[in-house]
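**Q** Below you'll find the structure I mean.
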Amino acid sequence: MLDLVYKLRMTPETTDSLPSMSYAVVKNLLRSNKIQELHTVLEDRLNYGIFLDYHMTNILLDYFWKKKDFISGARIASHSMLQEDPEHAITYNLSLLHCYNCLLSKGEWHQPPGPEEPEEEVKIRVKYIRNEYDDQHFDLKDCKKLIGKTLMYLTKGKSDELSNSFFILGASLFGAIHKANEKLSSSQKSNLTLFREILI
């Protein structure tokens, strides 16, 4: 099935694809319990054309919550951050739960290995070479940084104790220590209590 989806994506007819195709692909993979293939398809949006909306995201987050698969749930939550979807209450709460529980269980996911290097050196003529550049968004591969940025995204603009605690945790994981310090200072000035359980 995934081969057909990939081939369709490479044709001009891909513009006629209905939104229900994403649902069909995702639900089929869930029913077949092909979780790794699901993550592969969702992370390769360009070649498969499967994009999550609120409803599909909530279905996946709920499915992985019931299975206690917090690593997969955190991976799905990171897609909302990457797509910069505006806040949806159910997605927000389930994403926080998955990210936090993934960190508690010290869960990590690894990117699939790249193609094997050929033994012989092959030289190919190219028009130009792209400079190495990391945009700290779509180029993120490290799971801790993805979870950190997801927590920062989910809690930005909020000023309650829980959101501030998660923002500081997320900024620390992402490596934005200056943002964590700023949020800590503003919380102290506002006399807001931070949750020790989250920050330790």
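All of the numbers you see were taken from the coordinates with simple rules; none came from a lab. All values derive from a computational prediction rather than experimental measurement. A quick note on method: Cβ atoms are made from the backbone with ideal geometry, for glycine too, and the neighbour counts reach across all protein chains shown.
**Q** For the range 1-85, what are the per-bin percents of Cα-Cα distances with bins 5 Å wide, up to the bin holding the maximum?
**A** P(r) over the range 1-85, rounded to whole percents: 3, 14, 27, 27, 17, 9, 3, 1.
**Q** Which listed residue (Ala24, Leu104, Ser186) has the Cα farthest towards the positive end of the charge dipole for the chain, taking +1 on Lys and Arg C-beta and -1 on Asp and Glu C-beta about the Cα centre?
**A** Toward the positive end, the furthest listed residue is Ser186.
**Q** With charges only on Cβ, +1 for K and R and -1 for D and E, what is the dipole size of the range 15-76 about its Cα centre, in debye, rounded to 20?
**A** Numbers: 8 positive and 7 negative charges, 65 e Å.
The calculation lands at about 320 debye.
**Q** Across the Cα atoms of the range 142-200, what radius of gyration and what greatest pairwise Cα-Cα distance (Dmax) are found, in Å?
**A** Final numbers for Rg and Dmax: 10.4, 34 Å.
**Q** Nearest 20 debye, what's the magnitude of the dipole of the chain about its Cα centre given +1 on Lys and Arg Cβ and -1 on Asp and Glu Cβ? Working shown, then result.
**A** Working: 25 positive and 27 negative charges, 110 e Å.
Roughly 520 debye for the chain.
**Q** Would you mind ranking Arg75, Arg9, Arg130 so that the residue whose beta carbon has the fewest other beta carbons within 10 Å leads the list? Don't jump to the answer; show the numbers that get you there.
**A** On the way: Arg75 25, Arg9 17, Arg130 6.
Ordered from fewest to most neighbouring Cβ atoms within 10 Å, Arg75, Arg9, Arg130 come out as Arg130, Arg9, Arg75.
**Q** Only loop residues by DSSP count here, and only those with at most 15 other Cβ atoms within 10 Å; note down the GluC sites (Glu not before Pro) in the range 21-90 that meet that. Present the calculation step by step, with values, prior to reporting the outcome.
**A** Values: sites: Glu37, Glu43, Glu84, Glu87; in loops: Glu84, Glu87.
Of the GluC sites (Glu not before Pro), the ones in loops of the range 21-90 whose Cβ has at most 15 other Cβ atoms within 10 Å are Glu84, Glu87.
**Q** Separate question: List, in the order given, every pair from Lys123/Lys145; Lys27/Lys145; Lys144/Lys189; Lys149/Lys183 whose Cα-Cα distance in the structure shown is over 24 Å.
**A** Numbers: Lys123/Lys145 35 Å; Lys27/Lys145 28 Å; Lys144/Lys189 29 Å; Lys149/Lys183 15 Å.
Long pairs (Cα-Cα over 24 Å): Lys123/Lys145; Lys27/Lys145; Lys144/Lys189.
**Q** Report, to two decimal places, the Cα Rg of the chain normalised by 2.2 N^0.38 Å (N = number of residues).
**A** Rounded to two decimals, the normalised Rg is 1.17.
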